[in-house]
Number of protein chains: 2
Amino acid sequence: MKYAKEEAVFEKYISSGKLKQSKQRKNIMQAFLESGKHVTAEELYNAVKRKFPSVGLITVYRTLKLFCKCGLAREVCFENGTARYEHLYGRQHHDHLICSACGKVIEIEDPDIEKLQDRQYKMHGFVPQGHRMDLYGICRKCRMCQR
Amino acid sequence: MKYAKEEAVFEKYISSGKLKQSKQRKNIMQAFLESGKHVTAEELYNAVKRKFPSVGLITVYRTLKLFCKCGLAREVCFENGTARYEHLYGRQHHDHLICSACGKVIEIEDPDIEKLQDRQYKMHGFVPQGHRMDLYGICRKCRMCQR
DNA sequence: ACCGAAACTGAAAATGATTATCATTTTCAT
DNA sequence: ATGAAAATGATAATCATTTTCAGTTTCGGT
Ligand SMILES: [Mn+2]
Ligand SMILES: [Mn+2]
Ligand SMILES: [Zn+2]
Ligand SMILES: [Zn+2]
């Protein structure tokens, strides 16, 4: 159905390794695909539990790791320590603009910045492996309300 | 002596609040100023202990927080979760280029990137509060050795 | 459909970095 | 010198994440 492609990616990953399918994994995948962006392991766990009360938080952690390995998810950590997972399938690389007041996250893609980052890699003789750029600020709405 | 200015900043901060001086703080400050860049609380603790075995790790944590508050240090976290503290006094804002293989950290300042970041803030109606940009890659030396 | 090895699960315990508690010690203005 | 306020450090608590391990499930032969 709606997420056939994502499910195919995961199944391919499962069968290409010596991994096995399980209903827990299917349920967690389902909940992940339906979840909003940038979920916490715990948030996803709560979402799954609503429909499938038997799944454990530990399995959610393990399954999120699998999603990352097969390219369906990416782990991102903002300033507080907790890891968040975002959908990666069919998405471009992007960075984040975060409101420190309300936590809203805006995804930004700026090819000009990426070019300049490449310039830095070249200048220092590094082979790029990936980067993170998080811009923190206060959004318009929070400026209106707060004071 | 060598770090008179930094010490002055700290003393001013101490006396302007209702804080008090202590030999532990002096020792930790000493060790911090002499330390390399981007130390861990634990690394600093070990360095201090060599000269002053009585200081506790807890006090190192607390004192590092003070350094951050008075502008002598900045907390930075790279991809592994542990916090690192870098010298901030008399330093410009900068970002980091990190070798994923050997952990080497290169500090980069790129006004062009900063300009583009500001453009993003403006485009989305955010008031900037601070950002982090970490570029991960493999350095030249690591490419030679490793394979 | 059956088997068994290998993988998966989840509860409980372990981890590791950091923080809170609190009784004792130290600082510093009076 | 004195005492209130702050600092210290041992211990215990957090909190997110990982490890362990015994019981359960999957799946490729049969
Ligand atoms: Mn995102
Ligand atoms: Mn630095
Ligand atoms: Zn906001
Ligand atoms: Zn290197």
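So that you can scan it fast, the table gives a plain yes or no per residue for (1) at the interface with chain B (Cβ under 7 Å from one of its Cβ atoms); (2) surrounded by 18 or more Cβ atoms within 10 Å (Cβ to Cβ):
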| residue | (1), (2) |
| --- | --- |
| A:Glu86 | no, yes |
| A:Tyr89 | no, no |
| A:Ile113 | yes, yes |
| A:Gln117 | yes, yes |
| A:Lys141 | no, no |
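Evaluation of A:Ala47 against the conditions (1) closer than 24 Å to A:Asp95 by Cα; (2) modelled with pLDDT of 95 or more; (3) in contact with a helix residue (DSSP H, G or I) (Cβ under 8 Å, 6 or more places away or on another chain); (4) surrounded by 14 or more Cβ atoms within 10 Å (Cβ to Cβ) shows that the sole unmet condition is (1). Restricting attention to the stretch A:62-102, the residues that are outside any strand (DSSP E or B), touching a helix residue (DSSP H, G or I) at 6+ places or on another chain (Cβ under 8 Å) and of a type in the set (Asp, Glu) add up to 0.
Before we move on, is A:Ala47 touching a Ser or Thr at 6+ places or on another chain (Cβ under 9 Å) and outside any loop (DSSP other than H, G, I, E, B)? Taking the combined requirement at face value, the residue satisfies it.
Tally up the residues in the stretch B:23-41 that are within 13 Å of DNA strand C (Cβ to nearest atom), without any contact (Cβ under 8 Å) to a residue 40 or more places away in the chain and surrounded by 13 or more Cβ atoms within 10 Å (Cβ to Cβ), please.
Number satisfying all stated conditions: 3.
For the stretch B:100-126, name all the residues that are within 16 Å of ligand 4 (Cβ to nearest atom) and in contact with a Lys or Arg (Cβ under 9 Å, 6 or more places away or on another chain). Within the stretch B:100-126, B:Ala101, B:Cys102, B:Lys104, B:Val105, B:Glu107 meet the criteria.
The values are calculated or read from the model by the stated rules, or taken from the named source; none is laboratory data. Values in this document were obtained by computation on a predicted structure and should not be read as measured data. Because the Cβ atoms are built from the backbone with ideal geometry, glycine has one as well, and the counts that use them run over all protein chains shown.
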